[in-house]
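> Structure in C-alpha cells, see below.
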Amino acid sequence: MSLMPVAEALEKLLSGVSRLEPEPIALEKANGRVLAENLVSKRTQPPFAASAMDGYATRHQDLAVGSELDVIGEAPAGHGFNGTVGAGKAVRIFTGAPVPEGADTILIQEDATRDGDRITINEVPRKGAFVRPAGLDFQENQILLSPPLRLTYRHLALAAAMNHPQLPVVKQPKVAILATGDELVRPGSEPGPDQIIASNHAGIAAMVEDCGGMPVDLGISPDDPVALAGHVRRALSEEADILVTLGGASVGDHDLVQEVLGQEGMDLAFWRIAMRPGKPLMAGRLGRTRVLGLPGNPVSSLVCGLLFLRPLIRKMLGLPAGLSAPKQAFLGADLGENDRRQDYVRATLHEDPDGRLVATPFETQDSSMLALLAKSGALIIRPPHAPAQKAGAATDILIL
C-alpha cells in the first residue's frame, strides 16, 4: 500500500469539519475560550470626561505662574463635584473622577502649592492636560472583539469594561483519549516484568487543553476486542467530537484498533502516512465523531498530535487550522539524504552570535525517546527525497 503525503492526509482529515456551535459562558470562566460572535460594547468608556491625574480641576484661562485660585470643593473617584468651576476657582480632583462643569484642564498637584483653601500655580500645563474625554477608549454599540479569537486576559478585561458578564464562545471539542495495549500501566503503578508506564495519554491530554479542547480520559484498553469495543462505545456515549486512540493501529497480530473500529462502523479515511515519525497514522469517522489513531511510540504519537490533532481541534473551534508557517534556521550539523517519507527531525535550537537560529539535530532519532523530545526546541522539516545538507545550510523548522 502506498503511503499518503502529509499535506494530502491533513486535507482529508479536515475535509468537512466545521466549527462547533456557540454557548454562553461566564466572563470569569472564559479565559482561553474562543469567541463565537461579535462582541458589542454596552456602554461608552469612559462615560464622562475624567481626570487622568491627582490635582486640581481648573479653567485654563485662569492659569498663570504665581497666580492664585480658590479651592471650592473636592472630587474623589466615584463622587463627582456637583457645582461649576468659575473664574478664579479650582476643585481638588483625583484620578478617575469626573471633570466638573466649567473646568477644562487638570493642574497636577506637583505643579501647585496649597495653603488652606488657596493654591498657587507653579507651572502652567497645556489646555486640556490630563483630561480623558468621554469615549476616549470606546463608544457604546461599537464592535470591539470579533471571531475567530481565542480570549486572553487582555480581551477579558476589555469585555468586562464593555459590561459583558457572560460571553458567547465556541463549545470546546470533547476529545476522548484511549490508550491501548497489554504492556501499558498507569503512571504510579508497579509495572510487571513485561510492561511499561503509559505516557502518551498525558502528553496528548495536555496538547488538547493547550489547543482549547476538553480531554476525556478513557483509560487503557487491553488487547482484547470486546474490551476495546466497550471503550469505543463509551466514547460515543460521551458524545465525543474526536476519539483519539493511542497505539494498536498497525498491522501486527495484536494491533486490533482498526479492526474493532471498523466493526463498530468507522468509515476509514486513510491509514499510513509518508512521514517519520508516525507512519501508522489512521483517520476516519464514527457517525459525528472524528477518529484519529495515533501511533503507540511516544514521540510518534506527540508529533502526529502536533501535526494532525491540533489542526483538527482548531478547525472545530473556528480558528485557522494550519500550523504556524515554518521558520528558517541554519543546520548545526550535517544531515544525510532523505527517503520517500517526510521527516520531522528533533533538534536543539539556539541563536548564534549573529542572531541567526541554529537547529542542531540529535544524533539519535528513535521514536521512543521522550527525553530528547523534551529537550528539543524545534523539528527540522525534511521533505521526501531531500538531498544531504551540510552544517550551516538553511532549513525549515517548526518551533516547539
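> So for segment 231-239 (the condition being within 23 Å of VAL6 (Cα to Cα) and touching a residue at least 24 places away in the same chain (Cβ under 8 Å)), does at least one residue qualify?
no
> For segment 104-141, give me each residue that is among the aliphatic types (A, V, I, L, M), assigned to a strand (DSSP E or B) and out of contact with any Gly (no Cβ under 8 Å at 6 or more places or on another chain).
Residues satisfying the conditions are ILE119, VAL131.
> Which condition does PRO222 not pass, out of (1) crowded, with 18+ Cβ neighbours inside 10 Å; (2) within 27 Å of LEU309 (Cβ to Cβ); (3) in contact with a Ser or Thr (Cβ under 9 Å, 6 or more places away or on another chain), if it passes all the others?
If we test PRO222 against (1) crowded, with 18+ Cβ neighbours inside 10 Å; (2) within 27 Å of LEU309 (Cβ to Cβ); (3) in contact with a Ser or Thr (Cβ under 9 Å, 6 or more places away or on another chain), just (1) comes out false.
> While we're here: Inside segment 286-319, can you point out the residues that are of a type in the set (Ser, Thr, Tyr) and either touching a strand residue (DSSP E or B) at 6+ places or on another chain (Cβ under 7 Å) or surrounded by fewer than 23 Cβ atoms within 10 Å (Cβ to Cβ) (or both)?
THR289, SER301
> Can you name every residue in segment 185-219 that is in a helix (DSSP H, G or I), open to solvent by less than 30 Å² (accessible area, probe 1.4 Å) and over 21 Å from SER18 (Cα atoms)?
ASN200, HIS201, GLY203, ILE204, ALA205
> Please determine whether any residue of segment 281-294 is out of contact with any helix residue (DSSP H, G or I) (no Cβ under 9 Å at 6 or more places or on another chain) and either outside any loop (DSSP other than H, G, I, E, B) or without any contact (Cβ under 8 Å) to a residue 24 or more places away in the chain (or both).
Yes: one or more hits.
> Having 2 or more residues that are surrounded by fewer than 21 Cβ atoms within 10 Å (Cβ to Cβ) and touching a residue at least 24 places away in the same chain (Cβ under 8 Å) is the bar; report the strands (runs of 3 or more DSSP E) wholly within segment 51-103 that clear it.
68-75
> Looking at ILE381, ILE397 in this structure, which one is of a type in the set (A, V, I, L, M), modelled with pLDDT of 95 or more, under 26 Å from ASN297 (Cα atoms) and surrounded by fewer than 19 Cβ atoms within 10 Å (Cβ to Cβ)?
Among ILE381, ILE397, only ILE381 is of a type in the set (A, V, I, L, M), modelled with pLDDT of 95 or more, under 26 Å from ASN297 (Cα atoms) and surrounded by fewer than 19 Cβ atoms within 10 Å (Cβ to Cβ).
> A further question follows. Counting only residues that are modelled with pLDDT under 95 and open to solvent by less than 50 Å² (accessible area, probe 1.4 Å), which one in segment 320-334 is nearest to VAL175 (Cα to Cα)?
Restricting to residues being modelled with pLDDT under 95 and open to solvent by less than 50 Å² (accessible area, probe 1.4 Å), the top hit is ALA321.
The values are calculated or read from the model by the stated rules, or taken from the named source; none is laboratory data. Because the structure is a prediction, the values reported are computed rather than measured. Backbone-built Cβ (ideal geometry, glycine too); neighbour counts: all protein chains shown. Accessible surface is based on the protein model in full, side chains and every heavy atom, while ligands, DNA and RNA are left aside. Shrake-Rupley method; radii C 1.70, N 1.55, O 1.52, S 1.80 Å.
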